[in-house]
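The values are calculated or read from the model by the stated rules, or taken from the named source; none is laboratory data. Every value quoted in this text rests on a predicted model; they were computed, and no experiment measured them. Neighbour counts run over all protein chains shown; Cβ positions are idealised from the backbone, glycine included.
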Amino acid sequence: MAARVLVGVKRVIDYAVKIRVKPDNTGVVTDGVKHSMNPFCEIAVEEAVRLKEKKLVKEVVAVSCGPQQVQETIRTALAMGADRGIHVEVSGKDYDSLGPLQVSKILAALAKKEEASLIILGKQAIDDDCNQTGQMTAALLDWPQGTFASEVAVEGDKLKVIREVDGGLETIKINLPAVVTADLRLNTPRYATLPNIMKAKKKKITNVKPGDLGVDLTSRLEVLRVDEPPQRQAGVKVETVEDLVGKLKEAGRI
Amino acid sequence: LPLTCSKQWSVNTVRRGPSTGLTDEQKEFQKVAFDFAANEMAPHMAEWDQNEIFPVETMRKAAQLGFGGIYVRPEVGGSGLSRLDTSIIFEALSTGCTSTTAYISIHNMCAWMIDTFGSNELREKFCPDLCSMEKFASYCLTEPGSGSDAASLLTSAKLQGDHYVLNGSKAFISGGGDTDVYVVMCRTGGKGPKGISCVVVEKGTPGLSFGKKEKKVGWNSQPTRAVIFEDCAVPVTNRLGSEGQGFNIAMKGLNGGRINIASCSLGAAHASVLLARDHISVRKQFGETLSNSQFLQFKLAEMATRLVASRLLVRQAALALQEDRPDAVSLCSMAKLFATDECFSICNQALQMHGGYGYLKDYAVQQFVRDIRVHQILEGTNEVMRMIIARDLLTES
């Protein structure tokens, strides 16, 4: 079965934080704000560690792209059971404009370098909600993809993936090597235990530069402006169903 | 749903207090503890209090993460962490349920005593089960006739062959009746502290029985009972340390216990400050939110300041204890005295800021107030803390 699994983990603003837009509307406030591992990435790590515990996988490698602080996120993955980490150093303006296209190029290059045969990612990050990195990575590698996975099972040298789609659940079988993206119900991530947090200190994190992987970080996107969502307007009470239909027609909704 | 802490609490750790100055590893410990508190404890703290439930399954889940023997040595199943790590963990867990965390800290203290002063046989027999919380422990020092004057305890332990036969009773024992392992201070020798030894008594031993479950103002997620010994025979090999060392062992246990209890107070106060802040940010009177009132702003500022001061003292005491510094005992007493007093006042003021709502059991703040009130009394009253500090000041070195 797959010898090595790459798991991408992204450091994002904690889901419980009240997001505030910067006064210059160029982005959201991140300084001094609590960050943690993207919840879907936690689910991805948990799945990879479970595969290793079932002895279906030999090594779990956690990867994160960003400045020094992302090492905290990698350490969390190590505390959950990943064997080692790779920190791809990206900072400053490059980090501000880092998106799925650049990350998928990095992951594809790392997958080749590390001879990984399975990549597990979260289905999307809760900051940009892109839901693109897994798909792009698979395309760059010309690997099959099992996205929005709510169940993953190994069947010989293939993966059976049950996907959550709008119409319900779709079951597919894909060859390895492959990319899988984790959806909410794939598993419930474990708490790191105190002994595992301490063991994580001894696990290795190697530093890599995007240039060493031959990846060009130039963004094809330019963020023009970031605004808060419009304030919720007051509603209108209507007396009858006819009134309701009339109002909806007026507003061009039906 | 009761307005208990949510995951929101850990969000504020970056800017304020609890996580500043910690190592990356300590921040990880703290994160696990905060997450566990928010997910596994906070949703149940009201129910545990109102129905007097001893949450065995939840505590065992905590033990699986390593919280059963935090400063017990790893070779017998402990996590081998420092006193400062322990303080950070209990402070965070306490935001989920102070009463349950306080019991977990007592359990930890007992496990440490056996690990530190027990023979290898005793350590191997009891510590793994205590660290996994397969078995639970109780600390038995206080008696109906000896609280602050602990060294005057009367429970006797007469040597008969290879057993001690215990007679007497202990009062106010946390976990008593529901726990499996009792660490008992008893008199094997003459009067005073030097006549006291420490033995481990297992539930089910003939002659061991329990009083009625006490009805308490708080700490309702842990049962409290008298523990009664009537010709209760305990193997001599169950003794911790040597004869006459028991009082010393008991006090060494309490040094750490005092930091732990103070840490539980910190957590309750932290949660209460955030609850109060959130309430006054929403509640409107006289046309504006209460948070616009300078009086309340100043009160909140004072509460936060005293909380940070308490936390710094507790953490310093933890450091002194783990480094075995000469001022450790005094600092532990100071930390317990200061933090439990200040944090009770903070929780009480937080309740006041809730107005009438603060008095309703639908709101968590009253439970924090009730739960930490006893921290000023047990593990050595705050009056006894003053005795220890004064003695240290007045003794010529």
Subset of segment B:72-86, residues within 14 Å of chain A (Cβ to nearest Cβ) and within 14 Å of the chain's Cα centre (by Cα), comes to B:86
Looking at this structure, is residue A:8 touching a residue at least 40 places away in the same chain (Cβ under 8 Å), in contact with a helix residue (DSSP H, G or I) (Cβ under 9 Å, 6 or more places away or on another chain) and at positive phi?
no
I want to confirm something. Restricting to segment A:183-237 and keeping residues that are in a loop (DSSP other than H, G, I, E, B) and among the small types (Gly, Ala, Ser), which single residue is surrounded by the most Cβ atoms within 10 Å (Cβ to Cβ)?
A:192
Only one of A:170, A:151, A:155 is modelled with pLDDT under 95 and more than 14 Å from chain B (Cβ to nearest Cβ), namely A:155
So which of B:168, B:177 is among the small types (Gly, Ala, Ser) and part of a loop (DSSP other than H, G, I, E, B)?
B:177
Across segment B:23-51, what is the total count of residues that are more than 11 Å from chain A (Cβ to nearest Cβ) and more than 18 Å from the chain's Cα centre (by Cα)?
6
Hits in segment A:213-247 - residues which are within 30 Å of residue A:87 (Cβ to Cβ) and touching a strand residue (DSSP E or B) at 6+ places or on another chain (Cβ under 9 Å):
A:213, A:215, A:226
Does segment B:345-363 include one or more residues that are farther than 21 Å from residue B:295 by Cβ, at pLDDT 95 or above, crowded, with 24+ Cβ neighbours inside 10 Å and of a type outside the set (Lys, Arg)?
no
Which residue pairs have Cβ atoms under 6 Å apart, sit 6 or more places apart or on different chains, and have a first residue in segment B:195-217 that is in a loop (DSSP other than H, G, I, E, B) and a second that is among the basic types (Lys, Arg)?
B:211/B:225; B:213/B:225; B:217/B:370
Qualifying residue in segment B:282-289 (condition: modelled with pLDDT of 95 or more, among the hydroxyl-bearing types (Ser, Thr, Tyr) and closer than 15 Å to residue B:372 by Cβ)
no
Within segment A:130-141, is even one residue part of a loop (DSSP other than H, G, I, E, B), touching a residue at least 24 places away in the same chain (Cβ under 8 Å) and more than 17 Å from the chain's Cα centre (by Cα)?
no
Do any helices (runs of 4 or more DSSP H) lying entirely in segment B:21-94 carry at least 3 residues that are of a type outside the set (Phe, Trp, Tyr) and in contact with an Asp or Glu (Cβ under 8 Å, 6 or more places away or on another chain), and which ones are they?
B:24-36, B:56-64
Just the residues that are buried (at least 22 other Cβ atoms within 10 Å of the Cβ) and either β-branched (Val, Ile, Thr) or touching a Pro at 6+ places or on another chain (Cβ under 7 Å) (or both), please, taken from segment B:208-223.
B:221
Among residues belonging to segment A:173-197 that are at the interface with another protein chain (Cβ under 10 Å from one of its Cβ atoms) and in contact with a Ser or Thr (Cβ under 8 Å, 6 or more places away or on another chain), point out the one that is nearest to residue A:146 (Cα to Cα).
A:192
